[in-house]
Amino acid sequence: MITIIPEAPENVAAFSANGEVTKEDFENLVIPHVKEKVEEFGELNYLLYLDTDLDNFTMGAWLQDAFLGLKNLTKWNRAAIVTDKEGVQNFTDIFSVLMPGEFKSFPKENLYNALYWCKNGNEVEV
């Protein structure tokens, strides 16, 4: 299931994923929310807090996620993936070289810092 993170800055489409994530989660929540942010701000600042294993993303959800990425390819500004899974962190860091905009991984304990980075492009000093 995907939910919107309510305390996210206004210019950030921020989501939390837990349990099973389905195609419907993307169709009914993620895509409309992302579209709204891109229309309002002219760019996409995106955060995904992964509180589930990647195995819980159904194939339809992955296809929807890929579609979302391709559809808004030129609108990406900043994207943060918040997870303690080292493999996902490494993938995000490598993926950042291939995509327009900035992509960065953050450990779960740094959710606030990730939200701040998505909003401002820099991090809070700790």
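The values are calculated or read from the model by the stated rules, or taken from the named source; none is laboratory data. All values derive from a computational prediction rather than experimental measurement. Counting neighbours? That spans all protein chains shown, and the Cβs are built from the backbone with ideal geometry, glycine included. Note: accessible area is taken over every heavy atom of the protein model, side chains too, but ligands, DNA and RNA are not part of it. Shrake-Rupley method; radii C 1.70, N 1.55, O 1.52, S 1.80 Å.
Consider LEU68 carefully, then state whether it is surrounded by 15 or more Cβ atoms within 10 Å (Cβ to Cβ), modelled with pLDDT under 90 and under 16 Å from ALA14 (Cβ atoms). Here the answer is yes, as LEU68 does meet what is asked. Screening the range 3-25 for residues that are under 12 Å from the mean Cα position of the chain (by Cα) and not aliphatic (A, V, I, L, M) and picking the one that is surrounded by the most Cβ atoms within 10 Å (Cβ to Cβ) gives PHE15.
Scanning the range 74-93 finds one or more residues that are open to solvent by 80 Å² or more (accessible area, probe 1.4 Å), under 24 Å from LYS35 (Cβ atoms) and at pLDDT below 70.
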